[in-house]
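Following: one structure in structure tokens, then a few remarks.
What follows draws every value from the coordinates through simple rules; no lab data is involved. These numbers come from a predicted model, not from an experiment. Positions of Cβ are backbone-derived with ideal geometry, glycine not excepted, and every protein chain shown enters the neighbour counts.
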Amino acid sequence: MAEQRVLEVDLGERSYPIYIGDGLLGRADFLRPHLRGSQVMVVSNETVAPLYMEKLMPGLHGLQVAHVVLPDGEQYKTLDVLDRIYTALLENRFDRSCTLVALGGGVVGDMTGFAAASYQRGVDFIQVPTTLLSQVDSSVGGKTGVNHPLGKNMIGAFHQPRAVIADTDTLDTLPDRELSAGMAEVIKYGLINDPDFFAWLETHMDALMQRDKGLLAEAIARSCADKAAIVAADEKEAGQRALLNLGHTFGHAIETGMGYGEWLHGEAVGAGMAMAAEMSLRLGWLGAQDRERIDALLRRAALPSQPPEGMGTQQFLDLMAVDKKVLGGKLRLVLLKGIGGALIADDFSPESLEATLEAFQK
């Protein structure tokens, strides 16, 4: 058994731990301290539940436990599917002392968190992420929500979990494509504000993609530490937390334009980071050598560094105009002044954005 790590997301009375390590699933000593009542609703999906639901149960022995199993896929991250969670809670007469447990990837975590934020005006939830992407990103920070046909994550709430339990054993069953998708968010942390971590990833990416347990645990811990520091400083994205959206404005446009589920979130973010790097290069903020380092690392992680064929400049512009990062009619993008030097920019010329998008059409 590898070393277990504990990090803290420091949010005052809403602070919570992130547990990282193998063999954590079903450990009562990690689950029970974060339950304020005896009613527990475990939310999972059709892929994860057969693999890990039973392994979770020993940690909940003796409690009133119910389950809801959702269909698997980004295309099911909707209000209609979310209603299944509310229905299960009401049918089982769960009260305001209940706890929801999200057992799955980012879609399950986002939907369970939003259900917890809104059921009886707010109940507790615990994140048990089972994908690399959810372990390093979506399970930490309290962003919850669902998609709308016109935009990704446009309906949601900030609602912090009581704990995050990241069992690295769950990555053993993760498909290679999902591992790559999670690696996009890992790379993102290096690009935002941790150039030493980016260099570490350049050294270890091949072993990470071969699922070296110790290195994966280190990458998860460093990613979570980087995110926790940003969330602690700016919980509700009034300022620097928006840096975590590097690649996401381009990426969300890809996900919406292609149809949810066609491109995985991490794949879209990978292409989005390449697009943000290209625009930063065109603005004179990023050197050509760093631009190539970014593309090379994306390729080694088996991530796309080009948007999908068939998405034109005008479609990108239309979809990006509906992004949550539009304020006062101005689009804000996270761009790079060097690796590890992300910034939020809204003073770029429309022509520079259009030229960037056009460059990827050729």
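Here segment 177-359 is assigned +1 on the Cβ of each Lys and Arg and -1 on the Cβ of each Asp and Glu. Its dipole about the Cα centre then comes out at about 320 debye. Working note: Cα atoms of the chain, range along each principal axis, descending, whole Å: 61, 41, 36.
Between Asp347 and Ala28, the C-beta separation translates, for a Förster distance of 35 Å, into a calculated FRET efficiency of about 0.10.
For Cα pairs less than 8 Å apart in space and 6+ apart in sequence, what is the mean separation divided by the residue count of segment 177-359, i.e. the relative contact order in percent?
Numbers: 258 pairs, mean separation 51.8, N = 183.
Result for segment 177-359 is 28 percent.
Estimated at 0.36 nm per residue, the fully extended path between Glu358 and Asp212 surpasses their Cα-Cα distance by 48.6 nm.
Can you give the extra length, in nm with one decimal, that the chain gains between Met258 and Leu150 once fully stretched, where that is 0.36 nm per residue apart less the Cα-Cα distance?
Working: separation 108, 0.36 × 108 = 38.88 nm, distance 1.19 nm.
Length gained between Met258 and Leu150: 37.7 nm.
Could you rank the peptides 132-142, 236-246 by their average count of other C-beta atoms within 10 Å per residue, with the highest value first?
Working: 132-142: 27.3, 236-246: 18.1.
Descending mean neighbour count gives 132-142, 236-246.
Please tell me which of these pairs span more than 21 angstrom C-alpha to C-alpha: Lys143/Lys213; Lys77/Lys143; Lys77/Lys152? Each step should come with its number before you reach the end.
Details: Lys143/Lys213 28 Å; Lys77/Lys143 14 Å; Lys77/Lys152 9 Å.
Long pairs (Cα-Cα over 21 Å): Lys143/Lys213.
Classify segment 221-362 as rounded, prolate or oblate, taking a ≥ b ≥ c as the square roots of the eigenvalues of its Cα gyration tensor: rounded when a/c is under 1.5, otherwise prolate if a/b is larger than b/c and oblate if not.
Numbers: a/c = 1.26, a/b = 1.17, b/c = 1.08.
Rounded.
Find which of Pro149, Leu281, Gly182 sits farthest along the positive direction of the dipole of the chain, computed with +1 on the beta-carbon of Lys and Arg, -1 on that of Asp and Glu, about the Cα centre. Going by the charge dipole, the pick is Pro149. Using a Gaussian network model of the chain in which every pair of alpha carbons under 10 angstrom is joined by a spring, one finds that among Met273, Met205, Met154 the greatest mean-square fluctuation is at Met154.
With the highest mean first, a sort of the peptides 5-12, 168-175, 24-31 on other beta-carbon atoms found within 10 angstrom per residue produces 24-31, 168-175, 5-12. In this calculation the C-beta distance from Arg299 to Ser38 is compared with R0 = 56 Å, giving a FRET efficiency of 0.65.
Here the contact order of the chain, divided by its residue count and restricted to Cα pairs under 8 Å and six or more residues apart, works out to 15 percent. Of all DSSP bridge pairs formed entirely within the chain, close to 40 percent run antiparallel.
Between Asn92 and His204, the FRET efficiency estimated from the beta carbon spacing at R0 = 45 angstrom works out to 0.50. Placing a pseudo-label 7 Å from each Cα along the Cα-to-Cβ vector at Ala288 and Ala157 gives an inter-label distance of 5.2 nm.
When the dipole is taken about the Cα centre of segment 280-362, and only Lys, Arg (+1) and Asp, Glu (-1) are charged at their Cβ, what size is it in debye, to the nearest 20? Don't jump to the answer; show the numbers that get you there.
Details: 11 positive and 11 negative charges, 69 e Å.
So the magnitude is around 340 debye.
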